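Structure first, commentary second.
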């Protein structure tokens, strides 16, 4: 029932990726929100996002592309394919963020999509939430979630990188994240993301039609504090220790309690 759930905490993500835990703690909530906003809500999709960040930016934070004005000018100035048509565009629109959005046309495009004036102020791409939103929207625009779900990890890397630069690190991190999520088991707890959470909330909402839920549940794939309270209420009413954790016993009890109303 929960096979597609992503269930790692910030500590688990840091351990699997080798990234600084303090930065994962700081930036994961915003990345998680961007995943939710862009439909990246199953295990494979989230692993693709995290492995990409850990490969592109080992420090797990939005950064400027490495280089100076001379380097950026040499590589990007006058690049019509990047929309760099004005003097100084090469340096002005160098790479920034969790993935290196580069070129005037990309800053204009993602600024328009996100409602952020990136073309006028490209340094906004270093804002953590803007950087996360650019990443999430890039994955959405390029259909990367579907590629990840198919298990084509080389395809994921190519869609981000254009080739297989960093492949060894990327594939290693994917494997570590997959093993770490498997090792956590199938129980649903606060913080997990996935389709099973949507079904859990549906069943709790159905059960709540004849009982009292602490508060209404949002129809999202994120197991948040309100879901924990609802699970505890159900567990208490059904003679189950109210841990807020959904294992097989609680899940099966919920299925039975709501089967007639499915």
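Is region 157-171 home to any residue that is more than 21 Å from the chain's Cα centre (by Cα), surrounded by fewer than 16 Cβ atoms within 10 Å (Cβ to Cβ) and over 30 Å from residue 100 (Cβ atoms)?
no
Could we say that residue 228 is in a helix (DSSP H, G or I) and surrounded by 15 or more Cβ atoms within 10 Å (Cβ to Cβ) here?
yes
Any residue at all in region 120-130 that's closer than 19 Å to residue 31 by Cβ, assigned to a loop (DSSP other than H, G, I, E, B) and either out of contact with any helix residue (DSSP H, G or I) (no Cβ under 7 Å at 6 or more places or on another chain) or outside the structural domain of residue 41 (by TED's automatic domain parsing) (or both)?
Checked against the condition, which is being closer than 19 Å to residue 31 by Cβ, assigned to a loop (DSSP other than H, G, I, E, B) and either out of contact with any helix residue (DSSP H, G or I) (no Cβ under 7 Å at 6 or more places or on another chain) or outside the structural domain of residue 41 (by TED's automatic domain parsing) (or both), region 120-130 yields at least one hit.
Is it the case that region 90-103 has a residue that's crowded, with 23+ Cβ neighbours inside 10 Å, modelled with pLDDT under 95, outside any helix (DSSP H, G or I) and in contact with a helix residue (DSSP H, G or I) (Cβ under 8 Å, 6 or more places away or on another chain)?
Yes.
Might you let me know whether region 241-248 holds any residue that is outside the structural domain of residue 35 (by TED's automatic domain parsing), on the phi > 0 side of the Ramachandran plot and either part of a loop (DSSP other than H, G, I, E, B) or exposed (fewer than 15 other Cβ atoms within 10 Å of the Cβ) (or both)?
yes
Conditions first: (1) in contact (Cβ under 8 Å) with a residue 24 or more places away in the chain; (2) farther than 19 Å from residue 176 by Cα; (3) surrounded by fewer than 23 Cβ atoms within 10 Å (Cβ to Cβ). Residue 18 passes all but one, so which condition is the exception?
If we test residue 18 against (1) in contact (Cβ under 8 Å) with a residue 24 or more places away in the chain; (2) farther than 19 Å from residue 176 by Cα; (3) surrounded by fewer than 23 Cβ atoms within 10 Å (Cβ to Cβ), just (2) comes out false.
Would you point out which residue out of 190, 182 is free of Cβ contacts under 8 Å to residues at least 40 places away in the same chain and either assigned to a helix (DSSP H, G or I) or within 19 Å of residue 35 (Cβ to Cβ) (or both)?
Sole residue among the options that is free of Cβ contacts under 8 Å to residues at least 40 places away in the same chain and either assigned to a helix (DSSP H, G or I) or within 19 Å of residue 35 (Cβ to Cβ) (or both): 182.
Report whether or not residue 143 is assigned by TED's automatic domain parsing to the domain that holds residue 21, surrounded by fewer than 19 Cβ atoms within 10 Å (Cβ to Cβ), without any contact (Cβ under 8 Å) to a residue 60 or more places away in the chain and within 20 Å of residue 24 (Cβ to Cβ).
Here the answer is no, as residue 143 does not meet what is asked.
The values are calculated or read from the model by the stated rules, or taken from the named source; none is laboratory data. Here the structure is a predicted model, which means the values were calculated and not measured. Glycine also receives a Cβ, built like all others from the backbone with ideal geometry; neighbour counts cover every protein chain displayed.
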